[in-house]
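A.B. asks: One structure follows; several queries about it will come next.
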Amino acid sequence: MRINIIAWDNGLGLSRHLRLLGVALEQYGHVVTVTGLRRGNWRKMGRRFKLGARNIWSRVFGDHGWKRHDVNILIEHIRPEFLPSARRNVLLPHPEWFLDSDRALLPKVDAVFAQTRHAIPIFGALGSRVLFTGFTSEDRWLPEVVREPTFFHLAGRSRHKGTDRLLELWRRHPEWPRLTVVQNPKSALPGRPASNIDHRVEYLNDSELRNLQNAHWFHLCPSETEGYGHYLVEAMSLGAIVITTDARPMNEFITPARGILVGCARKGQQNLATTHYFDEAAMELAVEHAMTMDDRVRASMGESARAWFTDNAQAFPQRINAALQLIE
């Protein structure tokens, strides 16, 4: 098939989606075009003018020559200017970013590809045909890096990872081991320093970040919500022990056999997603449990996490290819 993958190329999670999905589809011989959208009014106007001209030509003279793709895969948002350019249109959504404007256009897509089991009933309730595909993440494992029983939190640019509350909780426990936090300067609120917190409010190159990810046994990932959750799955690729929120979809990935789940104190709402906020007392217990975990248990859980990652990475191209065959 000729497939066009369309998403905002934001240099973060969506850029990983574009790259990883393209690689998975090419494994099955699909001819892949990656349309990475950028910000800028002039760029948007030019794109819409060009696509609009093609769509008018198609309506007047027929589709021959202008249906350039068999399938458009639209990641996160439905972009109406692209819909006429393919015979089929598929949405790969993130419920927390699904807008009213997307809902209005949902009848125009042929199927929704769900990245989590949690998303299936959400979009099924909106009348969509939903097929589970899951997703995958980059393998970040560096077996040569020495790993310490310390804690790591990759906040990035997101404001939905419980970072500020996690930092404040750590400040109240100077007896806890070092917590390393990597956070984008555009979203960071550093707060007062603490001797057991290494708060890196900076841009790290990929090599530096990957080494840091591998250097810590425990990855704190108390997400409020996730559309997929690259930072959870990347941590599993390392064979690290992930501590995350005991709520969907986070607990689809992390189970007691391969991580530590933390109960929630309250809930909220962001678009179609329910947000979950970790209970601080439960987080204290989780951290103290991790601190006392013996080497054998830690190694066993890490192996289980790594095994889940590799099994999922192998199965994802098969699932996405099978879903594409079903919409033909």
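A.B. asks: Looking at the range 130-154 only, could you name the residues that are touching a residue at least 40 places away in the same chain (Cβ under 8 Å) and either over 17 Å from Met236 (Cβ atoms) or of a type in the set (Ser, Thr, Tyr) (or both)?
C.D. replies: Leu131, Phe132, Thr133, Thr136, Ser137, Val146, Glu148, Pro149, Thr150
A.B. asks: Right, something else. In the range 164-177, which residues are free of Cβ contacts under 8 Å to residues at least 24 places away in the same chain and assigned to a helix (DSSP H, G or I)?
C.D. replies: Result: Glu168, single match.
A.B. asks: Moving to a separate point now. Which one of these does Thr180 not meet: (1) part of a strand (DSSP E or B); (2) under 19 Å from Met236 (Cβ atoms); (3) free of Cβ contacts under 8 Å to residues at least 60 places away in the same chain; (4) under 19 Å from the mean Cα position of the chain (by Cα)?
C.D. replies: Among (1) part of a strand (DSSP E or B); (2) under 19 Å from Met236 (Cβ atoms); (3) free of Cβ contacts under 8 Å to residues at least 60 places away in the same chain; (4) under 19 Å from the mean Cα position of the chain (by Cα), the lone unmet condition for Thr180 is (4).
Matching residues to (1) surrounded by 22 or more Cβ atoms within 10 Å (Cβ to Cβ); (2) of a type outside the set (D, E, K, R); (3) touching a Ser or Thr at 6+ places or on another chain (Cβ under 7 Å):
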| position | (1), (2), (3) |
| --- | --- |
| Asp246 | no, no, no |
| Asn271 | no, yes, no |
| Pro317 | no, yes, no |
| Leu324 | yes, yes, no |
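A.B. asks: Further question on the same structure: Looking at (1) among the hydrophobic types (A, V, I, L, M, F, W, C); (2) in contact (Cβ under 8 Å) with a residue 60 or more places away in the chain; (3) surrounded by fewer than 19 Cβ atoms within 10 Å (Cβ to Cβ), which one does Ile120 not meet, given that it meets all the others?
C.D. replies: (2)
A.B. asks: Ok, one more. So if I check each of Ala315, Ala305, which one is closer than 23 Å to His153 by Cβ and part of a helix (DSSP H, G or I)?
C.D. replies: Criteria check complete, one pass: Ala305.
A.B. asks: Here's another thing I want to ask about it. Determine the pairs where a residue that is in a loop (DSSP other than H, G, I, E, B), located within the range 200-211, has a partner that is loosely packed, with under 13 Cβ neighbours inside 10 Å with Cβ atoms under 8 Å apart, the partner being 6 or more residues away or on another chain.
C.D. replies: These pairs meet every condition: Glu202/Pro185; Tyr203/Pro185.
A.B. asks: Could you run through the range 12-23 and say how many residues are within 16 Å of the chain's Cα centre (by Cα) and more than 12 Å from Leu37 (Cβ to Cβ)?
C.D. replies: 8
A.B. asks: Just one of (1) in a helix (DSSP H, G or I); (2) free of Cβ contacts under 8 Å to residues at least 24 places away in the same chain; (3) not aliphatic (A, V, I, L, M) trips up Ser195, so point out which.
C.D. replies: In the conditions (1) in a helix (DSSP H, G or I); (2) free of Cβ contacts under 8 Å to residues at least 24 places away in the same chain; (3) not aliphatic (A, V, I, L, M), Ser195 misses (1) alone.
A.B. asks: Please verify whether Ala188 is in a loop (DSSP other than H, G, I, E, B) and in contact with a strand residue (DSSP E or B) (Cβ under 9 Å, 6 or more places away or on another chain), treating the condition exactly as stated.
C.D. replies: yes
A.B. asks: Moving on to the next point. Please enumerate the residues belonging to the range 85-132 that are aliphatic (A, V, I, L, M), over 19 Å from the mean Cα position of the chain (by Cα) and under 18 Å from Asp70 (Cα atoms).
C.D. replies: Selection gives Ala86, Val109, Ala111.
A.B. asks: Another question about this same structure. So in the range 283-306, with the set limited to residues that are under 14 Å from Gly259 (Cβ atoms) and among the polar types (S, T, N, Q), which one is surrounded by the fewest Cβ atoms within 10 Å (Cβ to Cβ)?
C.D. replies: That would be Ser300.
A.B. asks: For the range 267-291, enumerate the residues that are β-branched (Val, Ile, Thr) and in a helix (DSSP H, G or I).
C.D. replies: Val287
Readers should treat all values here as calculations from the given coordinates under stated rules, not as data from a laboratory. Computed from a prediction, not measured in an experiment: that's the story for all the values here. Note that each Cβ is placed from the backbone with ideal geometry, even for glycine, and that neighbours are counted across all protein chains shown.
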